[in-house]
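Before any comments, here is the structure.
The values are calculated or read from the model by the stated rules, or taken from the named source; none is laboratory data. In this text, all values refer to a predicted model and were calculated from it rather than measured experimentally. Here the Cβ positions follow ideal geometry from the backbone for every residue, glycine too, while neighbour counts run over all protein chains shown. Surface areas here come from the heavy atoms of the whole protein model, side chains and all, with no ligands, DNA or RNA. Shrake-Rupley method; radii C 1.70, N 1.55, O 1.52, S 1.80 Å.
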Amino acid sequence: MISAGLGIYAIAIPALLFVLLAGTEIIWPCRKLVLGRYPRWRTHALFFATNAIVGRLLSFLVVVGVAANWADANQFGALNLIALPVWVDAIIAFILLDFAVWFQHLIMHRSPYLWRMHAVHHSDRDLDVTTALRFHPFELIVSTVYKSAIVALLGVPVIVALAFELWLNTNALFNHSNIRLPRKLERVLRLFLVTPDMHLVHHSTLIDEQKHNFGFALTVWDRVFGTYRAESILGAENQKIGLSNIDDARPSGFMWSMKQPIT
Ligand SMILES: [Zn+2]
């Protein structure tokens with residue numbers, strides 16, 4: 001089982017990163033917010049609270065606690081077929097899980113049913129660190145079931161499954177944040193990792209641009225499968241964020257956002 005110490009890191013690292021990014025955004029924002037922080041932040045705090053109970057807890061317990069422990073105990077899954085050092089298993093699992101998450105994101109945009117859930121994330125008219133918390137509980141449940149199946153099929157070691165969840169969460173906080181990185185650093189970083197400028201393109205109101213930059217952590221998948229786009233055709237400064245048919249303050253409301261998939 002997972003030690004309490006690791007569980008604390010899984011909470012403390014994203015929490016610390018959140019505070020750092022939120023503080024940086026407030027002092028040196030990259031873009032001026034369209035709808036501002038309030039009541040968006042309240043709504044996103046409510047998303048976080050809801051997802052902490054029905055989503056993240058479920059995700060942590062099911063993906064890590066059940067799928068990974070079960071695969072470990074039964075020596076099930078592709079990675080258990082050959083005896084490799086744990087660090088080799090870890091690298092293979094990280095790469096495959098990162099691809100699985102990229103692919104899931106692409107399908108979320110392709111399937112009309114799944115898009116209804118994922119559109120809640122895209123309906124935010126601004127992009128900042130709190131947008132990373134804005135996922136409908138329906139979408140988190142779908143992600144949990146999907147990731148659990150992948151973790152079990154691959155036979156991902158428990159510690160690696162936990163580390164991957166942490167990796168995914170910290171990357172999501174980073175690439176949704178409204179911070180400006182030094183240009184040279186950003187250009188080098190985006191060769192490997194999804195940067196805020198790169199993920200911004202994916203949140204464009206233009207549908208064609210939403211179908212690019214699906215990556216949450218590694219940029220390799222978008223580059224290999226031809227879905228990489230460096231910048232909006234309107235330029236980063238003029239690009240609008242959100243959905244083209246929602247140009248009012250409704251996404252700032254919690255109840256409106258919760259009902260969005262079924263309206
Ligand atoms: Zn998306």
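Residue selection: Leu16 fails the criterion of being surrounded by fewer than 18 Cβ atoms within 10 Å (Cβ to Cβ), part of a loop (DSSP other than H, G, I, E, B) and modelled with pLDDT of 90 or more. Scanning the range 111-159 for residues that are within 11 Å of the ligand (Cβ to nearest atom), free of Cβ contacts under 8 Å to residues at least 60 places away in the same chain and either more than 12 Å from the chain's Cα centre (by Cα) or open to solvent by 10 Å² or more (accessible area, probe 1.4 Å) (or both) yields Leu114, Trp115, Glu139.
Conditions (1) open to solvent by 60 Å² or more (accessible area, probe 1.4 Å); (2) touching a residue at least 12 places away in the same chain (Cβ under 8 Å); (3) over 23 Å from His136 (Cα atoms), marked per residue:
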residue	(1), (2), (3)
Leu168	no, yes, no
Asp197	no, yes, yes
Gly226	no, no, yes
Ser232	no, yes, yes
Gly235	no, no, yes
Asn238	yes, no, yes
Gly253	no, yes, no
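Just wondering, is there one or more residues in the range 172-194 that are farther than 30 Å from Glu237 by Cα and either open to solvent by less than 50 Å² (accessible area, probe 1.4 Å) or at pLDDT 95 or above (or both)? No, because not a single residue in the range 172-194 is farther than 30 Å from Glu237 by Cα and either open to solvent by less than 50 Å² (accessible area, probe 1.4 Å) or at pLDDT 95 or above (or both). Annotation: Thr263 fulfils all but one of (1) more than 16 Å from the ligand (Cβ to nearest atom); (2) in contact with a helix residue (DSSP H, G or I) (Cβ under 7 Å, 6 or more places away or on another chain); (3) polar (S, T, N, Q); the unmet one is (2).
Sub-6 Å Cβ pairs linking a first residue in the range 93-106 that is under 14 Å from Val220 (Cβ atoms) to a second residue that is away from the ligand (no atom under 12 Å from the Cβ) and at pLDDT 95 or above, at least 6 apart or interchain, are Asp98/Ala217; Asp98/Leu218; Phe99/Trp221; Trp102/Trp221, ordered by first then second residue. For Asn169, the requirement of being away from the ligand (no atom under 16 Å from the Cβ) and either at positive phi or touching a Lys or Arg at 6+ places or on another chain (Cβ under 9 Å) (or both) is met. Checking each residue in the range 240-263 for being part of a helix (DSSP H, G or I) and aliphatic (A, V, I, L, M) picks out Met255, Met258, Ile262.
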